[in-house]
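Accompanying notes for the structure given below.
No value in this document is a laboratory result; all are computed from the given coordinates. Model, not experiment: these values are computed from the prediction. Methodologically, a virtual Cβ is constructed for each residue, glycine included, from the backbone with ideal geometry; neighbour enumeration extends over all protein chains shown.
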Amino acid sequence: MRCYSVKRLLNRYVDKEIDETTKKFMEEHLKVCALCKKELEALLLMKHVISKKEKLEIDKNFISLLEKRLMEEKPDNETHYLTEMNYLAQRTAPVLLTLAVLVMIIIFAFYNDSQVMKDYMDNVFISKDIPVL
Amino acid sequence: MKSDFDLIEEITAGDAAAFRVLIEKHQKHVINVIYSMTGQVQDAHDIAQEVFIKVYKNLAYFKMKAKFSTWIYRIAINETYNYIKKEKKHGFIKESERQNIKTFENIESRETQELVNKAIEKLPYKYRVVLVLKEIEDLSYKQISETLNCRIGTVESRLFRARNILKKTLLPYYKEGC
C-alpha cells in the first residue's frame, strides 16, 4: 500500500470503519512508514483530546420545566398533535397552488390565441369588402 | 426497558408519563450534542427544551421506519443551527486566550478543555455537526449519514476536513510526553 492510500484511509482506520483485509495492509505499511505513523499518532491524539471533553451536568429541573412549558402551551388540556388532515393540507397546498397557476397560464394562452384568430378573421372579412379594381 | 416505539405508541394514546420516560432516556444525549456545538450551558438547556417541545408536537409525523434517536438528533441539529444563525454566537479563540495557554500540560485540565471547546465551536457548522456526532456520540458513519440525510462519502470528507482544521488549531499547543 502507498502513502497516498494510507493517508486517505486513516480516518476510517481510527474510526474502525474499515474491512479486515485493508486494515491488515495498512498496519503493514504503518510499521515501516514513519510519516504515515506520525499522521496516525496526530489523529489518535486529536481523538483522545476530544474524547476527554467534559460532559455537561444536566439541570435537575430540566424535565419539570419542560412539563410546565408543555402544560402552558396546551389549550383546554388537549394535545397539540397535528391531525392527519392538517398534515395532508400542509403537504398538498403547494401542489394545488402550482396547479392553479398552471391552469391560469393555459386559460390566458388560449384567450390570447382566440384574440389573434378573431383579429385575423376580421381582417379577412374586411379584405372581402375591398372592391377589386 | 421499553423501546422508543412502544413509548411513542403510549404517548400518542394519551399517556403523559410515557413522554417523561422518553425524555429521561434521550435528554443526556440531546443536551450534550447541543452543548458540544454551542459551548454554552444555559443555551444548551434552552435549545434542548425547544427540541423536546418540537418532538412532542410533531410525534404524529414520526414514521416508525426510522430510528427515534436519528430523528431527535436531526431536530436538535436543526434547532441548534437556527439558534446559532439567530444569535451569531460563534466561539473564537482570541489572541489573548492563545497567549495564556501555552501547551497541553494536562489533557483534562480546565485550560485544555476550554481550548478544545473553542476549537470545535470555531469549526464551520457542517463539519462541527459530523465531528460531534462521531467523537462525542460515537455514531457510525452510516448513522451520521442517516441523521444528516447525506451520503457516507460526505460524512467521511467532512470528518476529514474537521479533523484537519482541529489538528492545525490544537497541535501547536501539544507538548510531547503529556
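Tabulated results
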{"quantity": "Degrees, to the nearest 10: B:152-170 long Cα axis against longest axis of chain B", "calculated": "40 degrees"}
{"quantity": "Gyration tensor verdict on chain B (Cα atoms; rounded if a/c is under 1.5, prolate if a/b is larger than b/c, oblate otherwise)", "calculated": "prolate"}
{"quantity": "Ascending count of other beta-carbon atoms within 10 Å, so fewest first, for A:Leu40, A:Leu65, A:Leu96", "calculated": "A:Leu96, A:Leu65, A:Leu40"}
{"quantity": "Calculated FRET value between B:Lys142 and A:Ile63, using beta carbons and R₀ = 22 Å, to 0.05", "calculated": "0.10"}
{"quantity": "Distance between modelled label sites at A:Lys55 and A:Leu35, nm, 7 Å Cα→Cβ extension", "calculated": "4.1 nm"}
{"quantity": "Chain B: angle of helix B:41-58 to the longest principal axis, Cα-based, in degrees nearest 10", "calculated": "30 degrees"}
{"quantity": "Distance in nm between pseudo-label sites at A:Leu96 and A:Glu28 (7 Å out along the Cβ direction from Cα)", "calculated": "6.6 nm"}
{"quantity": "Gyration tensor verdict on the stretch A:3-51 (Cα atoms; rounded if a/c is under 1.5, prolate if a/b is larger than b/c, oblate otherwise)", "calculated": "oblate"}
{"quantity": "Listed pairs A:Lys55/B:Lys168; A:Lys31/B:Lys142; A:Lys47/B:Lys168 exceeding 18 Å between Cα atoms", "calculated": "A:Lys55/B:Lys168; A:Lys31/B:Lys142"}
{"quantity": "Segment B:Ile152-B:Lys168, length gained on full extension (0.36 nm per residue, minus Cα span)", "calculated": "3.3 nm"}
{"quantity": "FRET efficiency, 1/(1 + (r/R0)^6) with R0 51 Å, evaluated for B:Gln113 and B:Glu9 via beta carbons", "calculated": "0.80"}
{"quantity": "Lysines whose Cα lies under 20 Å from that of B:Lys2, excluding same-chain neighbours fewer than 8 positions away", "calculated": "B:Lys25, B:Lys28, B:Lys63, B:Lys65, B:Lys67"}
{"quantity": "Efficiency of FRET from Cβ geometry, B:Met1 and A:Lys7, R₀ 35 Å, rounded to 0.05", "calculated": "0.25"}
{"quantity": "Chain B, relative contact order in percent, only Cα pairs under 8 angstrom and at least six apart counted", "calculated": "22 percent"}
{"quantity": "Residue order, fewest to most surrounding Cβ atoms within 10 angstrom, among B:Ser3, B:Ser109, B:Ser69", "calculated": "B:Ser3, B:Ser109, B:Ser69"}
{"quantity": "Phi-based couplings in Hz for the stretch A:105-114 (Karplus 6.51, -1.76, 1.60; Gly and Pro marked x)", "calculated": "4, 5, 4, 4, 5, 4, 4, 4, 4, 5"}
